[in-house]
Amino acid sequence: MSSDNTNTIESVLQEERIFPPSVDLASKARINSLDTYQRMFNEANRDLETFWGEAARKELQWFEPFSKVLDWTTPPFARWFEGGKTNISSNCLDRHLDGPRADKTALIWEGEPGDVRRFTYRELHQEVCRAANALKAIGIGKGDLVALYMPMVPEAAIAMLACARIGAPHSVVFGGFSAEALRDRLIDGEAKAVITADGGFRKDKAIPLKSAVDQALGESACPSVTTVLVVKRTNESVSMEAGRDYWWHELVANQNTDCVAEPMDSEDRLFVLYTSGSTGKPKGVVHTTAGYNLWTHLTFQWIFDIREDDVYWCTADVGWITGHSYIVYGPLSNGATTVMYEGAPRPSNPGAFWELIQKHGITIFYTAPTAIRAFMKSGRSVPDNYDMTSLRLLGTVGEPINPEAWMWYREVIGGGRCPIVDTWWQTETGGVMISPLPGATPTKPGSATLPLPGVDADVVDSEGNSVSVDEGGYLVVRKPWPGMMRTVHGNPKRFRESYWEFLRPSDGSFIYFAGDGARKDVDGYFWIMGRVDDVINVSGHRLGTMEVESALVSHPAVSEAAVVGRPDDLKGEAIVAFVTLENKRVASESLLKDLRSHVGQEIGPIARPDEIRFSEALPKTRSGKIMRRILRALASGEEVSGDTSTLEDRSVLDRLRA
Ligand code: PRX
């Protein structure tokens, strides 16, 4: 956390518009009024353990009951539902097989070329069992970490559920990350196997994946990986290494369609998912079995007020937490129909999303503000061509949504009748923390509104004291919750320091802070103001400035690099890099291109700087610290305000300005 960041917390204009829940929606909703919400909220706050204990007993199936709801004796290391044994794959599948849900569609998948696959709960259960047996056949067992580097195909969800079924934690690596980034994650997690595909379709192109796995595993870089399972998707030719690589369709097809789910301890690891922080390499966020299952199950139920006949679609990729929690686990645990789409809107099909809504009669649509802003830019004539009257509820996630985009979403996509749930959460929180409840919470465009029951969220100053109404501060959570991350893989110290020690109130309590600034208005509504640490949010994707800097300085021409975010109308934030070159290297258009592609190779295309500025020197304090505040102002074309007296060499600033 750099100390010069607090100046980004500033009040924003008060939004006056309020949209109450429709009477029709409220009359049918589980949580049907603000009073009901408030009662639940107060109950949870008064007695956290009774609240979550009852919920866990009611909402999940257990092989063995838990004996203790919460152990918080060694904060910040929480243990939830100890003594209990359960399995999330069985909660997502087996429990729906006894009644009519067995033949209900669990998953509708649409590939970018328009191929469609559907699975009922019974079929999905069979596929998952087959895959689980295949994993066992290649020697994967309880506790072995399996990495997934997949396109958006049903096998990605099937593989996750198969891992969970046999107690092998998964580590999904977004298919857009480079071979280098994959390698780092395989090494850090000591993965035993990798599940991948020959490639996937994206924007009318086949994107290779298996070749990146080969590259990541090259030169015996990841000795822990013994097996690679390859799904055939694009039919591109790939090289298969004998004894290491197997085709999914060959290995999985002949397996038995029954595989008893492994009874897992509540606190057994379910998955590791890497995310960027303000320092060092990405952190492996660890989530465990029961708490995460309960959190994704219940939040999904509350936020989308899910009904038996809903067709729900979340546009995220399973490589991110949103895909884990709200394409796979939350929806399936509730017996919902979840849609998965391989593609994205593209020039050849700008109406791809709306076509899918029309075609599959989607009722709930959950996407990112960045997508909404892009649609807004190309105008309503595209969505207006489609019948989207099936929609009843809209959601957003990943970054702050500006009121204009919120209004456009409501009017143009939601036909003015669908409530919007703006859901604030993080990889670390496991599931949604702050969000409207569609039958209860009046919404204000741009506000994530109120914390869910059991979430003791607040906005505080650097001493951990609540700030006044409409004053900016740090967004924190004061009490543990079942879906919280348990640790950083292999680095409990980093977990403690990154999330729980930045703010230490004088009473010694532990409060969770993970990098966002916010303010609370007079109604207690939260307005998220974005990251206040050195993390940038590019189109809803989280990137550490340090990661991009390390990638830049690993290029032989670069001596030093500093990376900052600049507000961007479309992406939320754009990446701006200030670079000084090694002696004798000269700035040129071709070097610029080279640096961008180098970052793409080191991390992935999402991390390529939007702008690179070559500079003779960077603004530093006398102790050698780069003054990012100054660079942020320069990148956004703003006046450099605040104290610049600590600058070692003031002429640097003048030269940068010039
Ligand atoms: O800055 C917040 C932003 O996304 C960050 C979390 O990123 P990640 O772990 O990748 O998870 C993204 C999907 C949950 C947060 O620290 N963020 C997420 N949702 C919102 C948001 N910012 C404002 N409003 C939101 N609804």
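The values are calculated or read from the model by the stated rules, or taken from the named source; none is laboratory data. All of these numbers come straight from a predicted model, not from anything done at the bench. As a convention, Cβ positions derive from the backbone with ideal geometry for all residues, glycine included, and neighbour counts pool all protein chains shown. The protein model used for the area step is the full one, side chains on, heavy atoms only, and it has no ligands, DNA or RNA in it. Shrake-Rupley method; radii C 1.70, N 1.55, O 1.52, S 1.80 Å.
The rows are residues; the columns are (1) within 12 Å of the ligand (Cβ to nearest atom); (2) touching a strand residue (DSSP E or B) at 6+ places or on another chain (Cβ under 7 Å).
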| site | (1), (2) |
| --- | --- |
| 511 | no, yes |
| 514 | yes, no |
| 522 | no, no |
| 527 | yes, yes |
| 539 | yes, yes |
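Is one or more of the residues making up the range 326-333 of a type in the set (A, V, I, L, M), crowded, with 24+ Cβ neighbours inside 10 Å, in a loop (DSSP other than H, G, I, E, B) and in contact (Cβ under 8 Å) with a residue 60 or more places away in the chain?
Initially, the range 326-333 is screened for residues of a type in the set (A, V, I, L, M), giving 327-328, 332.
Pick out the ones that are also crowded, with 24+ Cβ neighbours inside 10 Å and you get 327-328, 332.
From what's left, in a loop (DSSP other than H, G, I, E, B): none.
Scanning the range 326-333, I find no residue that is of a type in the set (A, V, I, L, M), crowded, with 24+ Cβ neighbours inside 10 Å, in a loop (DSSP other than H, G, I, E, B) and in contact (Cβ under 8 Å) with a residue 60 or more places away in the chain, so the answer is no.
Only one residue in 591, 634, 656, 595 is touching a residue at least 60 places away in the same chain (Cβ under 8 Å), surrounded by 14 or more Cβ atoms within 10 Å (Cβ to Cβ) and assigned to a helix (DSSP H, G or I), so which one is that? Walk me through it before giving the result.
Details: 591 fails: touching a residue at least 60 places away in the same chain (Cβ under 8 Å); 634 fails: touching a residue at least 60 places away in the same chain (Cβ under 8 Å); 595 fails: touching a residue at least 60 places away in the same chain (Cβ under 8 Å).
From the options 591, 634, 656, 595, the qualifying one is 656.
Within the range 506-522, restricting attention to residues that are out of contact with any helix residue (DSSP H, G or I) (no Cβ under 8 Å at 6 or more places or on another chain) and assigned to a strand (DSSP E or B), which residue is farthest from residue 442 (Cα to Cα)?
Of everything passing the filter in the range 506-522, 515 is farthest from residue 442 (Cα to Cα).
Please indicate, with yes or no, whether at least one residue in the range 550-562 is within 11 Å of the ligand (Cβ to nearest atom), at pLDDT 95 or above and under 28 Å from residue 397 (Cβ atoms). Don't jump to the end; show me each part of the working.
Narrowing the range 550-562 to residues within 11 Å of the ligand (Cβ to nearest atom): none.
The answer is no, given that none of the residues of the range 550-562 is within 11 Å of the ligand (Cβ to nearest atom), at pLDDT 95 or above and under 28 Å from residue 397 (Cβ atoms).
What pairs can you find where one residue is in the range 84-97 and without any contact (Cβ under 8 Å) to a residue 60 or more places away in the chain, the other is in a helix (DSSP H, G or I) and open to solvent by 10 Å² or more (accessible area, probe 1.4 Å), and their Cβ atoms are less than 7 Å apart, with a gap of 6+ or different chains?
97/122; 97/125
Going residue by residue through the range 118-133, is there one that turns out to be at pLDDT 95 or above, over 30 Å from residue 550 (Cα atoms), outside any helix (DSSP H, G or I) and open to solvent by 20 Å² or more (accessible area, probe 1.4 Å)?
Yes, the range 118-133 contains a residue that is at pLDDT 95 or above, over 30 Å from residue 550 (Cα atoms), outside any helix (DSSP H, G or I) and open to solvent by 20 Å² or more (accessible area, probe 1.4 Å).
Considering each residue of the range 356-406, count those that are more than 15 Å from the ligand (Cβ to nearest atom) and at positive phi, and give that number.
Within the range 356-406, residues that are more than 15 Å from the ligand (Cβ to nearest atom) and at positive phi number 2.
Looking at this structure, is residue 413 of a type outside the set (Asp, Glu) and more than 16 Å from the ligand (Cβ to nearest atom)? Lay out the reasoning, then the answer.
Working: of a type outside the set (Asp, Glu): yes; more than 16 Å from the ligand (Cβ to nearest atom): yes.
Judged against the criteria, residue 413 is a match.
Condition first: within 15 Å of the ligand (Cβ to nearest atom), among the aliphatic types (A, V, I, L, M) and in contact with a Ser or Thr (Cβ under 8 Å, 6 or more places away or on another chain). Now tell me which residues in the range 289-347 satisfy that.
303, 316, 321, 327, 328
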